[in-house]
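Visitor: Mind looking over this structure? Questions follow.
The values are calculated or read from the model by the stated rules, or taken from the named source; none is laboratory data. Source: prediction; values computed, not measured. Cβ atoms come from the backbone with ideal geometry, glycine included; neighbour counts cover every protein chain shown. We work out accessible area using only protein heavy atoms, side chains counted, and drop any ligands, DNA or RNA first. Shrake-Rupley method; radii C 1.70, N 1.55, O 1.52, S 1.80 Å.
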Amino acid sequence: MTTQLHTQMPIKIGPYHLPNRMVMAPLTRQRAPENSPTDLMITYYEQRASAGLIITEATQISTQGVGYPATPGIYNEQQVAGWKKITEAVHAKNGHIFLQLWHVGRISHPDFHNGKLPVAPSAIKPKGEAVTPSGMKPFVTPRALETDEIQGIVETYRQAAINALAAGFDGVEIHSANGYLLDEFLREGTNKRIDCYGGTFENRARFLLEVTEAVVAVWGADRVGIRLSPSGTMNDMNDADPETFFVYLLGQLNSFGLAYLHVVDALEGDIRHGANVINLDVLRKAYNGTLIVCGGYDRARAENAIAESKADAVAFGQLYIANPDLVERFKVNAPLNEPDAATFYGGNEKGYTDYPALAD
Ligand code: 8OZ
């Protein structure tokens, strides 16, 4: 008798009955010149349709939200038409796909904005360099958003959510992780505001909760997920007491009845950067809905996480870059293709759609 693998147990997420608990993590691949999805992206996503759920690469809600070359958006007709072809291809293979809604905040450069400054909660320059169309350039000090501009960005999220609906997605994930705009509001290190969007826990959480409300009004809560990286240091994030804050935030998110919460576990890099690592068990206890976890998981660790109920499902990033048929490989414990870091960002089909499946 074969024992049932925990990653292969069906799961209901929102209204969807998914055949397994393996999620394709959102992965920036920078193969969308002109910020529009291409036909090569159809092949890439449809190759991975046996994942229980695909979460697309981070996708800008507006031109203001752009911070890298060749990342796709969801703010114009061409983009919606391009994504529609992708959702149709994934659905034809019985897959499910959520769009990740993204605004980079200060992780950008004036080169993307006709010389204008990127925006952020406060005028604090991140350490490091921006990836611009003409190479790496030092980050600049962003412009702090005016209080009365924030409602406009909430409306931009709402419109992007409407566009995602038109493009045929099954749901959306709000990207509130990794040091981009929403995360910048959550964290004390990047949010020094003295208006109703900064200071207290309630104020730091306000923007994300307003965005969530707007997106939920379009999709219904059970087709909306949120991604957080409470232990993250990526993009120069820091926070004196993230645990107390994130436990508070999850308490607020509980009342929505969302499709899921998607947590990026502390990565080795975060620990090296002195992150205040929050134990997954603390977050599990604080959140009362479906929890997806991600962050360098392999098959054994994923099996354990689900078996021990640390999480309900596991998202895989690099493993999905290199193994379009990761589900089939996990089922039979087959060897995995090695991801090639040189082709993660930008380029063509090489290192994108040419990783072989088992039967190839
Ligand atoms: C790697 C390179 C560029 C963007 C994230 C959207 O970390 C990203 C990203 C990752 O969430």
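Visitor: Just how large is the dipole of the chain about the Cα centre, in debye to the nearest 20, putting +1 at every Lys and Arg Cβ and -1 at every Asp and Glu Cβ?
Guide: 80 debye
Visitor: Could you list which residues have their amide H under 5 Å from that of GLY296, counting only those 5 or more apart in sequence or on another chain, with H placed in the peptide plane?
Guide: Residues meeting the criterion, in which the H sits 1.01 Å from N, are GLY317.
Visitor: Can you work out D for the chain in µm² s⁻¹ from Stokes-Einstein, where Rh is the Kirkwood radius over C-alpha pairs, the temperature is 4 °C and the viscosity is 1.567 mPa s?
Guide: Answer, rounded: 63 µm²/s.
Visitor: Hey, another quick one. Could you tell me whether region 91-203 comes out rounded, prolate or oblate from its Cα gyration tensor? Rule is a ≥ b ≥ c as square roots of the eigenvalues, rounded for a/c under 1.5, then prolate if a/b exceeds b/c, otherwise oblate.
Guide: It comes out oblate by the Cα gyration axes.
Visitor: Fully extended, how many nm does the chain gain between LYS350 and ASP298 (0.36 nm per residue separation, minus their Cα-Cα distance)?
Guide: 16.3 nm
Visitor: Label LYS12 and ASN94 with points 7 Å out from Cα along Cα→Cβ: what is the distance between them in nm?
Guide: So the label points at LYS12 and ASN94 sit 1.9 nm apart.
Visitor: Given a Förster radius of 30 Å and the C-beta distance between ALA322 and VAL277 as r, what FRET efficiency does 1/(1 + (r/R0)^6) yield to the nearest 0.05? Before the final figure, lay out each step's value.
Guide: Values: r = 27 Å, r/R0 = 0.91.
Step by step, r from the Cβ atoms, then E = 0.65.
Visitor: For region 255-301 and region 38-79, what is the separation of their C-alpha centers, rounded to whole Å?
Guide: The distance from the Cα centre of region 255-301 to that of region 38-79 comes to 24 Å.
Visitor: If you take every residue apart from SER176 with its C-beta less than 11 Å away from the C-beta of SER176, what net charge results, scoring Lys and Arg +1 and Asp and Glu -1?
Guide: Values: positive: ARG187, ARG227; negative: GLU173, ASP183, GLU184.
It works out to a net charge of -1.
Visitor: Shifting gears a bit: Which shape class, rounded, prolate or oblate, goes with region 289-346 when its Cα gyration tensor gives a ≥ b ≥ c as root eigenvalues, a/c under 1.5 marks rounded, and past that a/b bigger than b/c marks prolate?
Guide: Oblate shape, in that a/c is at least 1.5 and b/c is the bigger or equal ratio.
Visitor: Each residue of region 262-277 in order: what ³J(HN,Hα) in whole Hz does its phi give by Karplus 6.51 cos²θ - 1.76 cosθ + 1.60, θ = phi - 60°, with x for Gly and Pro?
Guide: 10, 10, 7, 5, 4, 9, 3, x, 5, 5, 4, 7, x, 4, 7, 6
Visitor: So what does LYS350 come to for accessible area, using a 1.4 Å probe and Å² rounded to 10?
Guide: 120 Å²
Visitor: Something else now. Along region 48-53, what does the Karplus equation 6.51 cos²θ - 1.76 cosθ + 1.60 (θ = phi - 60°) give for ³J(HN,Hα), rounded to whole Hz, x for Gly and Pro?
Guide: Per residue, the Karplus-derived 3J(HN,Hα) values read 9, 5, 7, 4, x, 8 Hz.
Visitor: If you don't mind, another one. By DSSP, what percent of the beta bridges with both residues in the chain are antiparallel, rounded to the nearest 5?
Guide: On the way: 7 of 40 bridges.
So the antiparallel bridges amount to about 20 percent of the total.
Visitor: What is the percent carbon and sulfur in the accessible area of region 270-327, measuring with a 1.4 Å probe over the protein chains and ignoring ligands?
Guide: Working: 1110 of 2410 Å².
The nonpolar share, carbon plus sulfur, comes to 46 percent.
Visitor: For each pair in LYS12/LYS331; LYS116/LYS137; LYS93/LYS331; LYS84/LYS137, compute the distance between the two Cα atoms and list the pairs where it is over 23 Å. Could the numbers behind the result be given before it?
Guide: Values: LYS12/LYS331 20 Å; LYS116/LYS137 15 Å; LYS93/LYS331 19 Å; LYS84/LYS137 34 Å.
Where the Cα-Cα span goes over 23 Å, the pairs concerned are LYS84/LYS137.
Visitor: Could you compute the FRET efficiency for THR63 and ILE194, with r as their C-beta to C-beta distance and R0 at 35 Å, rounded to 0.05?
Guide: Values: r = 29 Å, r/R0 = 0.81.
Working from the Cβ atoms, E equals 0.75.
Visitor: Using each residue's phi in region 112-126, evaluate 6.51 cos²θ - 1.76 cosθ + 1.60 at θ = phi - 60° and report the 3J(HN,Hα) Karplus result to the nearest Hz, with x for Gly and Pro.
Guide: Per residue, the Karplus-derived 3J(HN,Hα) values read 8, 10, 6, x, 7, 6, x, 10, 7, x, 9, 7, 10, 7, x Hz.
Visitor: Could I ask something else about it? Charges only on Cβ, +1 for Lys and Arg, -1 for Asp and Glu: so what's the dipole of region 231-360 about the Cα centre, in debye to the nearest 20?
Guide: On the way: 9 positive and 19 negative charges, 64 e Å.
I would put it at about 300 debye.
Visitor: Follow-up question, since we're still on this one. Over region 224-301, with the other protein chains present, what is the accessible area per residue in square angstrom, probe 1.4 angstrom?
Guide: So region 224-301 comes to 41 Å² accessible per residue, rounded to a whole number.
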